[in-house]
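The values are calculated or read from the model by the stated rules, or taken from the named source; none is laboratory data. As the structure is a prediction and not an experimental result, all values here were calculated from the model. Methodologically, a virtual Cβ is constructed for each residue, glycine included, from the backbone with ideal geometry; neighbour enumeration extends over all protein chains shown.
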């Protein structure tokens with residue numbers, strides 16, 4: 001079982017604050033540091049704004065071991081050729097530690113705030129971007145890549161720079177019932193089932209297995225992962241304070257999150273493991289609470305990995 005830290009810096013975190021969490025993530029033995037890819041706080045109020053891939057490029061030079069990625073980048077922010085270059089360069093800068101989560105995007109208000117086009121139909125953009133980005137990375141040195149689709153056209157791209165990893169891990173996720181599992185089966189190395197109850201994670205896994213069967217892909221070649229809001233502590237009162245720091249409550253987070261006591265969180269992870277999920281993203285909203293990461297590493301992770 002892999003354990004990753006997942007953050008939401010758009011809620012108000014500078015690069016230095018993000019760096020502190022990433023370095024704690026590495027020091028405490030977690031597998032990866034991931035961040036959302038947003039330009040506006042969900043409340044729409046003022047907060048620090050940082051670009052995800054610029055941030056990850058910096059972290060690539062200031063960490064040594066952890067994987068670095070997005071959960072998830074929106075296809076509306078970058079054209080696929082530029083995205084492929086950015087991720088490949090972060091992969092080079094980190095010596096092969098970049099991972100790309102890619103989705104359709106959903107937060108219209110941030111697009112309006114920054115003048116980013118927000119088409120009503122975006123699934124076609126996602127399908128073409130996945131094909132282009134993976135196609136560019138798979139192009140042998142010295143050859144060119146071309147693509148003609150409904151949304152994008154590339155002519156004789158030199159497909160440079162090339163990433164260190166082959167392939168770069170690609171994460172597709174969400175709760176879609178047909179299109180999302182089909183894209184995950186076709187393009188992803190990891191399917192992230194998102195935020196959901198254990199029963200719903202089982203249903204989403206089954207839809208992915210069916211999509212893999214439809215195209216003849218071995219589902220064992222896709223890592224199954226989940227994300228969940230996290231607020232865990234030695235006492236219920238302390239866990240509740242951590243939930244409130246994320247503008248939430250334990251009761252509201254319990255169905256889809258990793259909250260409450262160590263025993264509760266360990267039991268939930270065990271139930272997900274029984275379903276075949278092998279990667280957990282602890283969504284940590286209070287980025288100043290580094291003790292939370294320490295508690296997870298010291299009290300939760302050893303209970304699941306031993």
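Against the conditions (1) under 16 Å from the mean Cα position of the chain (by Cα); (2) farther than 30 Å from residue 305 by Cβ; (3) free of Cβ contacts under 8 Å to residues at least 40 places away in the same chain, residue 41 satisfies every one except (1). Every condition in (1) within 30 Å of residue 303 (Cα to Cα); (2) free of Cβ contacts under 8 Å to residues at least 60 places away in the same chain; (3) in contact with a strand residue (DSSP E or B) (Cβ under 9 Å, 6 or more places away or on another chain); (4) surrounded by fewer than 21 Cβ atoms within 10 Å (Cβ to Cβ) is met by residue 59 except one, and the failing one is (4).
Looking across the range 276-301, the residues that are under 16 Å from residue 20 (Cβ atoms) and in a loop (DSSP other than H, G, I, E, B) come down to 284, 285, 286, 287, 288, 289. The residue that is surrounded by the fewest Cβ atoms within 10 Å (Cβ to Cβ), among those in the range 62-85 that are touching a strand residue (DSSP E or B) at 6+ places or on another chain (Cβ under 7 Å), within 15 Å of residue 101 (Cα to Cα) and touching a residue at least 60 places away in the same chain (Cβ under 8 Å), is 67. Here's a check for you: in the range 297-306, which residue that is within 17 Å of residue 278 (Cα to Cα) and touching a residue at least 40 places away in the same chain (Cβ under 8 Å) is surrounded by the most Cβ atoms within 10 Å (Cβ to Cβ)? Top of the filtered list is 300.
Does residue 35 satisfy the condition of being under 19 Å from residue 74 (Cα atoms) and either touching a strand residue (DSSP E or B) at 6+ places or on another chain (Cβ under 8 Å) or touching a residue at least 40 places away in the same chain (Cβ under 8 Å) (or both)? Lay out the reasoning, then the answer.
Values: under 19 Å from residue 74 (Cα atoms): yes; either touching a strand residue (DSSP E or B) at 6+ places or on another chain (Cβ under 8 Å) or touching a residue at least 40 places away in the same chain (Cβ under 8 Å) (or both): yes.
Criteria met by residue 35.
Counting only helices (runs of 4 or more DSSP H) that sit completely within the range 161-275, those holding 2 or more residues that are surrounded by fewer than 15 Cβ atoms within 10 Å (Cβ to Cβ) and in contact (Cβ under 8 Å) with a residue 60 or more places away in the chain correspond to 262-274.
Name the residues in the range 118-149 that are in contact (Cβ under 8 Å) with a residue 12 or more places away in the chain, part of a loop (DSSP other than H, G, I, E, B) and under 27 Å from the mean Cα position of the chain (by Cα), would you? If you could, list the steps in order and put the result at the bottom.
Initial filter on the range 118-149 (in contact (Cβ under 8 Å) with a residue 12 or more places away in the chain): 118-119, 122-139, 141, 143-145, 147, 149.
From the residues that got through so far, the ones that are part of a loop (DSSP other than H, G, I, E, B) too are 118-119, 122, 139, 141, 143-144, 149.
Result: 118, 119, 122, 139, 149.
The residues listed here are 131, 150; of these, the one that is modelled with pLDDT of 95 or more, closer than 24 Å to residue 225 by Cα and surrounded by fewer than 20 Cβ atoms within 10 Å (Cβ to Cβ) is 131. Scanning the range 26-40 for residues that are closer than 17 Å to residue 57 by Cα and surrounded by fewer than 17 Cβ atoms within 10 Å (Cβ to Cβ) yields no hits at all. Before we move on, is residue 100 closer than 30 Å to residue 298 by Cα, in a strand (DSSP E or B) and touching a helix residue (DSSP H, G or I) at 6+ places or on another chain (Cβ under 6 Å)? In short, yes. Here is the figure for the range 9-25: residues that are surrounded by fewer than 19 Cβ atoms within 10 Å (Cβ to Cβ) and either touching a residue at least 40 places away in the same chain (Cβ under 8 Å) or in a loop (DSSP other than H, G, I, E, B) (or both) total 7.
To keep it simple, each residue is scored yes or no on (1) on the phi > 0 side of the Ramachandran plot; (2) at pLDDT 95 or above; (3) not in a helix (DSSP H, G or I).
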residue: 47; (1), (2), (3): no, no, yes
residue: 54; (1), (2), (3): no, yes, no
residue: 59; (1), (2), (3): no, yes, no
residue: 64; (1), (2), (3): no, yes, yes
residue: 68; (1), (2), (3): no, yes, yes
residue: 83; (1), (2), (3): no, yes, no
residue: 86; (1), (2), (3): no, yes, no
residue: 90; (1), (2), (3): no, yes, no
